1. Here are some residues: Leu16, Leu78, Leu11. Which one is surrounded by 16 or more Cβ atoms within 10 Å (Cβ to Cβ), of a type in the set (A, V, I, L, M, F, W, C), out of contact with any strand residue (DSSP E or B) (no Cβ under 7 Å at 6 or more places or on another chain) and over 23 Å from Arg110 (Cα atoms)?
2. Can you go through Ala158, Ala201 and tell me which one is surrounded by fewer than 17 Cβ atoms within 10 Å (Cβ to Cβ), free of Cβ contacts under 8 Å to residues at least 60 places away in the same chain and under 22 Å from Glu77 (Cα atoms)?
3. Checking the condition of a type outside the set (Asp, Glu), within 25 Å of Pro163 (Cα to Cα) and not assigned by TED's automatic domain parsing to the domain that holds Pro236, which residue from Val116, Val106 passes?
4. Return the residues of the range 1-41 that are assigned to a loop (DSSP other than H, G, I, E, B) and under 25 Å from Ala150 (Cβ atoms); say none if nothing qualifies.
5. Please determine whether any residue of the range 124-139 is among the basic types (Lys, Arg) and farther than 28 Å from Val6 by Cα.
6. Condition first: within 24 Å of Ala68 (Cβ to Cβ), touching a strand residue (DSSP E or B) at 6+ places or on another chain (Cβ under 7 Å) and in a helix (DSSP H, G or I). Can you find one or more residues in the range 114-127 that meet it?
7. Does Arg235 satisfy being among the basic types (Lys, Arg) and over 24 Å from Arg283 (Cα atoms)?
Amino acid sequence: RKGVNVPEVVLPVSSLTDKDRKDLTFALGQDVDWIALSFVQRPEDVAEARRLIGGKTALLAKIEKPAAIDRLDEILELSDAVMVARGDLGVELLPEQVPPLQKKIVGAARKLGRPVVVATQMLESMIKSPTPTRAEVSDVATAIYDGADAIMLSAESAVGDWPIEAATMMDRIAAQVENDPSYADRVHFTETVPDETTADALAAASYNIARTVETSAIVCYTSSGSTARRMARERPSVPLMVLTPNRHTARRVGLLWGAYAVVTRDVSDFEEMIAKAKRMALRHKLGQAGSRLIVCAGVPFGTPGSTNLLHVVRLSGDELKGG
C-alpha cells in the first residue's frame, strides 16, 4: 500500500481512488472545514473533487506533483486554497529545484487571493529531537517572509516524539519574524494587484489606510468569507477581525493570513454595524480607547458579495458598557 512516484510522467488516472471517494463521503459527514486533495496533476482533478464535495466544504489542492506546476493558475482558479507539499514534490524533482517552485506557488496563490500553506519537513529533526537545526528554523522563517498564510507540521506532530515542542517552536519562529522591522517590506515583495471590483478596491484602500494612519485593526463583516480573503491578500500591517453569523465561515477563515474570526449575529443598519465593530474590537483586545478601526461591510447587510462600504472610526473606550 505504498505510493509509487513516476517522475516526468502525467499519470492517466484520477487523483481520487475508490477509497478516497469513500473517505471523502465520511469526512463530509463529519462537517469538516477543509478537504485537502493529494497528488493533483491537472485542473480536472480539482474539478472532480469539487463535484463530489458539492459546496459542502472548502477544497485545498496539494501541489506535490511537478505536472501541477505547468497548469498552476488553472488549478488555483478551481481551488479555495493551495498547499506547497515539499516532501512529495521533492521526490520527483532535484532538491535544488524545490525552493524556486515554493516561491512560485506562494506568489501565484497570493496574486490570485488564494490562501497558501507551506508544509512538510519544516522541522524534520524534531521528530526525534527536542530542538530543530538552525537550517530548519531558517526554512520556516523564509516561508513566513514570503507571505504564506500558514505553515504546517507533518510527521513532527503526527508521529514525532516532541509534538508540543515542535508546535511551540514553529509559533516562536513566526512571532520572531513578524516582529522583525523589515518584515512588512519583505512580505510585500510579491505585488498583488486588485481585481477590477469594488470589494478588491476597498480591500486595497483598507491596507493603504492602515499603512498611512495609526490603526489597531481592520474589521470586516462577511457571510461567505470572500471579503476576508480579499483583505488578507493585501497582507495589512494590523490584525483582521472577521465578524460573521456563519460558524462554518468563521472556522474556514482561520486559515487566512492575520485573520481572527468571531461568530456573531448579523447587523441590520449602519449604526449597529459601527457599534458592534467597536464593541468586538475592545472585547477581543484588538483596540483600546483612542484607537482607530477600519470597518468594511456590504449594504444591504446580510447579502453575500455586496461589499461596498468602508468607514474609519475611533474607539472611545465606553463601548463595552452597553454589554
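The values are calculated or read from the model by the stated rules, or taken from the named source; none is laboratory data. Everything numeric here is computed off the predicted structure, so don't read it as measured data. For neighbour counting, all protein chains shown are included, and Cβ atoms are generated from backbone atoms with ideal geometry for every residue, glycine included.
1. Numbers: Leu78 fails: over 23 Å from Arg110 (Cα atoms); Leu11 fails: surrounded by 16 or more Cβ atoms within 10 Å (Cβ to Cβ).
After applying the criteria, what remains is Leu16.
2. Details: Ala158 fails: under 22 Å from Glu77 (Cα atoms).
So the residue among Ala158, Ala201 that is surrounded by fewer than 17 Cβ atoms within 10 Å (Cβ to Cβ), free of Cβ contacts under 8 Å to residues at least 60 places away in the same chain and under 22 Å from Glu77 (Cα atoms) is Ala201.
3. Numbers: Val106 fails: within 25 Å of Pro163 (Cα to Cα).
So the residue among Val116, Val106 that is of a type outside the set (Asp, Glu), within 25 Å of Pro163 (Cα to Cα) and not assigned by TED's automatic domain parsing to the domain that holds Pro236 is Val116.
4. Of all residues in the range 1-41, those assigned to a loop (DSSP other than H, G, I, E, B) come to 1-17, 30-33, 38-41.
Answer for the range 1-41, where residues must be assigned to a loop (DSSP other than H, G, I, E, B) and under 25 Å from Ala150 (Cβ atoms): Gly3, Ser15, Leu16, Gln30, Asp31, Val32, Asp33, Ser38, Phe39, Val40, Gln41.
5. Just the residues of the range 124-139 that are among the basic types (Lys, Arg), to begin with: 128, 134.
With farther than 28 Å from Val6 by Cα added as a condition, the list becomes 128, 134.
Within the range 124-139, one or more residues are among the basic types (Lys, Arg) and farther than 28 Å from Val6 by Cα.
6. Taking the range 114-127 as the starting set, the residues that turn out to be within 24 Å of Ala68 (Cβ to Cβ) are 114-122, 124.
Applying the additional criterion that residues be touching a strand residue (DSSP E or B) at 6+ places or on another chain (Cβ under 7 Å) yields 114-120, 122.
Narrowing the set further to residues that are in a helix (DSSP H, G or I) leaves none.
Taking every residue of the range 114-127 in turn, none turns out to be within 24 Å of Ala68 (Cβ to Cβ), touching a strand residue (DSSP E or B) at 6+ places or on another chain (Cβ under 7 Å) and in a helix (DSSP H, G or I).
7. Working: among the basic types (Lys, Arg): yes; over 24 Å from Arg283 (Cα atoms): no.
Here the answer is no, as Arg235 does not meet what is asked.
Yes/no matrix, rows are residues, columns are (1) over 19 Å from Ile105 (Cα atoms); (2) out of contact with any Leu (no Cβ under 8 Å at 6 or more places or on another chain); (3) of a type in the set (A, V, I, L, M); (4) surrounded by fewer than 19 Cβ atoms within 10 Å (Cβ to Cβ):
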site: Asp23; (1), (2), (3), (4): yes, yes, no, yes
site: Gly29; (1), (2), (3), (4): yes, yes, no, yes
site: Lys56; (1), (2), (3), (4): yes, no, no, yes
site: Glu64; (1), (2), (3), (4): no, no, no, no
